[in-house]
Amino acid sequence: MDVIRLRDEYIKLGQALKAAGLVGSGAEAKEVILKGAVSVNGETDVRRGRKLYAGDVITFNGEEVKIED
């Protein structure tokens, strides 16, 4: 499981996908999120601007990324 360390209070879902290297661009992040291919804490989420906080886990394409302080 990869880890993203927060620099602020939260990171948005689209930004997190890019930061983790799971997508190559913001447009690609938007596309996969809107298709329902991304889950947050085990539940599908289609909001690119979803705020992620420490402890959240995103899953995409069989890979998991944990958000940490």
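Every number here is computed from the coordinates shown, using simple stated rules; none is lab data. Everything quoted here is computed from the prediction, not taken from an experiment. Don't worry about glycine lacking a Cβ; one is built from the backbone with ideal geometry, like all the others, and counts go over all protein chains shown.
List the residues, sorted by chain then number, that are 5 or more residues from Glu64 or on another chain and whose placed amide H is less than 5 Å from its amide H.
Asp2
Let me check I have the definition right: for the chain, take the eigenvalues of the Cα gyration tensor, multiply each by 5, take square roots. What are those semi-axes in whole Å, largest first?
16, 12, 11
Relative contact order for segment 1-67: what percent, with Cα pairs under 8 Å and sequence separation of 6 or more?
Values: 112 pairs, mean separation 25.8, N = 67.
Computed over segment 1-67, the figure is 38 percent.
Just how large is the dipole of the chain about the Cα centre, in debye to the nearest 20, putting +1 at every Lys and Arg Cβ and -1 at every Asp and Glu Cβ? The partial results should precede the final answer.
Working: 11 positive and 12 negative charges, 62 e Å.
So the dipole magnitude of the chain works out to roughly 300 debye.
Name the long-range amide H neighbours of Leu52: under 5 Å, sequence gap of 5 or more, or other chain; modelled H, no Pro or chain starts.
Distant-sequence amide H within range of Leu52: Ile11, Lys12, Leu13.
If I model a spin label at Leu6 and Ser39 as a point 7 Å from the Cα along the Cα→Cβ vector, what separation in nanometres do I get?
My value for the distance between the label points is 2.3 nm.
Across segment 49-59, in residue order, what do the Karplus-derived ³J(HN,Hα) couplings come to in whole Hz, using 6.51 cos²θ - 1.76 cosθ + 1.60 with θ = phi - 60° and x for Gly and Pro?
x, 3, 7, 10, 10, 3, x, 6, 10, 9, 10
Could you work out [θ]222 nm for the chain from helices alone, using -39500 (n - 2.57) per DSSP H run of at least four and dividing by all its residues? Round to the nearest 500 deg cm²/dmol.
Helices in the chain give a 222 nm mean residue ellipticity of -6000 deg cm²/dmol.
Have a look at the DSSP beta bridges in the chain and tell me what percent are antiparallel, nearest 5.
75
Which net charge results when you count Lys and Arg as +1 and Asp and Glu as -1 among the other residues whose beta-carbon is under 12 Å from that of Gly14?
+4
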